[in-house]
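Enquirer: Would you mind keeping the following structure in view while I ask a few things?
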Amino acid sequence: MPFSHRLNLLMNTFGVSNSRLARVLSLDASLVSRWRTGARTPAKDNTHIAVIASYFAENAKMDYQKAALCEIMGLPADKCVKETQKLAEFLYSWLCDEALPDTKLITRFLDNLDMFRVTKGSLPPVNEGKAVPAGMVLKSEVFYGINGKQNSIIRFLSAVGEHKKPCTLLLYSDENIEWFAGDRLFLASFVRLLVEVISKGNKIKIVHTISRDMSEMFAAIDFWLPLYMTGAIEPYYCPRYREHYFRRTMFIASGVAAVVSTTLSGWEKNAANLFCTDPGLIESLTGEFNEYLNMCRPLMSIFASSTSPELANLLTEFEEQPGDCFVLSNTLSAITMPEGLFDRLLSRAGADSKTKEKMLSVQRARYKVFAANLKHHNYTEIVFLPSPEEITTGRIPVELPELPGGTTLCYTPQDYREHLENIIGLLNHFDKFSFFICRRGPNRNIHLAVKDEIGVIVTKTDAPITVFAFNQQNMTNAFYCYLEDFINNIPQAERDKKKVIEKLSSLAGSLSNEC
């Protein structure tokens, strides 16, 4: 039973309205409504679930109410829990009894990215004496069990590394990830050989299994992260994936070698792993993989350059999609920058007149979309504000990664004051625009934008600048839950629009003396 059904069962049984539960949780009633419809699911490490469990346990004062809660949870009548604390614990476990998003996975992913410098009667009669058909004798080797699979992969990568002509490796495995990640010695050899293979110009297409537990998914992404940033890997997922009794692994290098195995789930320790170099068999396996790849979608898009046309198109498409948006950054955003300041910064970066006009045109188009979305959808920026003393040093970076030549600019006190004043104007003009002030984010060099049910853009803003774009729904939901939790940890005074405007005005005023 999904979380939405459990919550509905509780609220309907006890006659609790959305607004009433929202007041208990200090949330907007619309979020409770989305929980009940299943449009949103709170993270399992979210304190809201514990508060919900405690609320219903504490309000079940009569024995019949406690019996009703136990019945809802499926507890036998003779094991009905009457102690409030125990009842709250049972309710919490019951509410969490499904795969809820774990925001700690997002935290670890962002930390790793920040720190980084794939019937007998019907049968025809048997012709006596006719020769039994013989198949082709192929050159192949068989490796058995987990250790055999590891050895076959090392054999495979070694063969690719020795091959003179670069090719595209096709990788897929829906087997338990333990064979891959559970042996450090194997992993070290695997990484060394894979880096060597990529350095020789080989590319990789890898299909990830999204039905895995989210912790396994992020563990896989964390492992491949440094290799993603080389631009040599294209990650995919299949939206039509269904669990099967049999598991399959395919590592293919066209024209070089292949490793393939098919085994019953749980039988991996005894499975046969076939390593082959026969061109015909490799061609057949390649065709099979490519047919599967046609059913898949990119798991993420990775851009190693912030000035690529494809990235510009993706960002425009992301901004044009209607929906509530959260942005987390350690500096003020380009979309809230006044046009005059944008123009001046382009001049300071040495942009010629043609480049300036083009970038100004893009900025105007972005702002138009931004303003149009604010008519119906919330836009929330969560930003760290430096002190006046830090601003006067001239070391606060400007968020303009698309500047010519990858130029990095910093604010002058006047620049920063103008930007703050423009944000104050936006807060006064747009009811759905919010600006939350946070302590310095846990990831100094990460800019994170999440649009509800649309996707996620993660930008590593220092060298090497890299942009990751996700639109797989489970991943988007995990990032969205991460930011919801992040916001709930910001003091109310730093989220209240009136108090935020006062604080921004005070900071802007202190900078007037420095200009």
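Any read-out appearing in this document is the output of simple, stated calculations on the displayed coordinates, not a laboratory observation. Since we're looking at a predicted model, the values are computed, not measured. FYI the Cβ positions are ideal-geometry reconstructions off the backbone, even for glycines, and counts take in every protein chain you see.
Enquirer: List the residues, sorted by chain then number, that are 5 or more residues from Tyr411 or on another chain and whose placed amide H is less than 5 Å from its amide H.
Expert: Ile396, Val398
Enquirer: Right, something else. Once phi is turned into θ = phi - 60°, what whole-Hz ³J(HN,Hα) does the Karplus curve with 6.51, -1.76 and 1.60 give for every residue of segment 336-345, x standing for Gly and Pro?
Expert: Residue by residue, segment 336-345 yields 9, 7, x, 4, x, 5, 4, 4, 5, 5 Hz.
Enquirer: Sticking with this one: So what's the Cα pair-distance distribution over the chain, bin width 10 Å, in %?
Expert: P(r) for the chain, in whole percents per bin: 3, 15, 22, 20, 18, 13, 6, 2, 1, 0, 0.
Enquirer: Looking at the chain, what % of its DSSP beta bridges pair antiparallel, to the nearest 5?
Expert: Bridges in the chain are about 65 percent antiparallel.
Enquirer: A further question on this structure: I need Ile252, Ile177, Ile206 ordered by Cβ neighbour count within 10 Å, fewest first. Mind dumping the intermediate values first?
Expert: Numbers: Ile252 26, Ile177 17, Ile206 21.
Placing the least packed residue first, the sequence is Ile177, Ile206, Ile252.
Enquirer: Another one. Using θ = phi - 60° and the Karplus relation 6.51 cos²θ - 1.76 cosθ + 1.60, list the HN-Hα couplings for segment 37-42 in order, rounded to whole Hz, with x at every Gly or Pro.
Expert: 7, x, 5, 9, 10, x
Enquirer: For segment 273-290, take each phi angle, set θ = phi - 60°, evaluate the Karplus expression 6.51 cos²θ - 1.76 cosθ + 1.60, and give the result in whole Hz per residue in order, putting x for glycine and proline.
Expert: Computed from phi, the couplings for segment 273-290 are 10, 8, 9, 9, 10, 6, x, x, 5, 4, 5, 5, 5, 5, x, 4, 4, 5 Hz.
Enquirer: May I pose another question? Among 63-73, 347-357, what's the highest-first ranking by average C-beta atoms within 10 angstrom per residue?
Expert: Order by mean packing, descending: 63-73, 347-357.
Enquirer: How would you rank 284-294, 267-277, highest first, on the average number of other Cβ atoms within 10 Å across their residues?
Expert: 267-277, 284-294
Enquirer: For Glu288 and Ala365, compute 0.36 nm times the residue count separating them, minus their Cα-Cα distance, and round to one decimal in nm. Mind dumping the intermediate values first?
Expert: Working: separation 77, 0.36 × 77 = 27.72 nm, distance 4.42 nm.
Here the answer is 23.3 nm.
Enquirer: Starting from the Cα gyration tensor of segment 303-512, take the square roots of the eigenvalues, sort them a ≥ b ≥ c, and report rounded, prolate or oblate (rounded when a/c is under 1.5, otherwise prolate if a/b is larger than b/c, else oblate). Please report the intermediate quantities before stating the final value.
Expert: Details: a/c = 1.38, a/b = 1.01, b/c = 1.36.
Since a/c stays below 1.5, the shape of segment 303-512 is classed as rounded.
Enquirer: Obtain the nm distance between the two label points defined at Arg297 and Ala67 by a simple spin-label model: each point lies 7 Å from its Cα along the Cα-to-C-beta direction.
Expert: 4.9
Enquirer: Considering only Ser308, Phe251, Ser189, whose Cα is most displaced toward the positive end of the charge dipole of the chain, charges sitting on Cβ of Lys, Arg (+1) and Asp, Glu (-1)?
Expert: Farthest towards the positive end: Phe251.
Enquirer: Next up: If R0 is 25 Å, what FRET efficiency do you get for Ala188 and Glu141 from their C-beta distance, rounded to 0.05?
Expert: My answer for the efficiency is 0.60.
Enquirer: List the trypsin sites (Lys or Arg not before Pro) within segment 422-475 that fall in a DSSP loop (any state other than H, G, I, E or B) and whose Cβ has at most 16 other Cβ atoms within 10 Å. Provide the component values of the computation, followed by the final result.
Expert: Values: sites: Lys432, Arg439, Arg440, Arg444, Lys451, Lys460; in loops: Lys432, Arg439, Arg440, Arg444.
Answer by residue number: Lys432, Arg439, Arg440, Arg444.
Enquirer: How would segment 424-515 be classified by its alpha-carbon gyration tensor: rounded, prolate or oblate, with rounded meaning a/c under 1.5 and the a/b versus b/c comparison settling the rest?
Expert: Note, shape of segment 424-515 comes out prolate.
Enquirer: Quick one: Cα centre-to-centre distance for segment 280-299 and segment 455-515, in angstrom?
Expert: Spelled out, the Cα-based centre of one part sits 41 Å from the other.
Enquirer: Still on this model: Can you give the translational diffusion coefficient of segment 307-363 in µm²/s, computed by Stokes-Einstein from the Kirkwood radius over Cα pairs at 10 °C and 1.306 mPa s?
Expert: On the way: Rh = 13.1 Å.
Here the translational diffusion coefficient equals 121 µm²/s.
Enquirer: For labels at Thr37 and Lys432 in the simple 7 Å Cα→Cβ model, what's the distance in nm?
Expert: In this crude spin-label approximation the distance works out to 1.4 nm.
Enquirer: Treat every Asp and Glu Cβ in segment 303-512 as -1 and every Lys and Arg Cβ as +1, leave all other atoms uncharged, and give the resulting dipole magnitude about the Cα centre to the nearest 20 debye. Present the calculation step by step, with values, prior to reporting the outcome.
Expert: Numbers: 22 positive and 26 negative charges, 65 e Å.
It comes to approximately 320 debye.
Enquirer: So what is the calculated 222 nm ellipticity per residue for the chain, using -39500 (n - 2.57) for each DSSP H run with n of 4 or more, over all residues, to the nearest 500 deg cm²/dmol?
Expert: Mean residue ellipticity, 222 nm, calculated: -15000 deg cm²/dmol.
Enquirer: Would you order Thr336, Thr392 from fewest to most other beta-carbon atoms within 10 Å of each residue's own beta-carbon?
Expert: Thr392, Thr336
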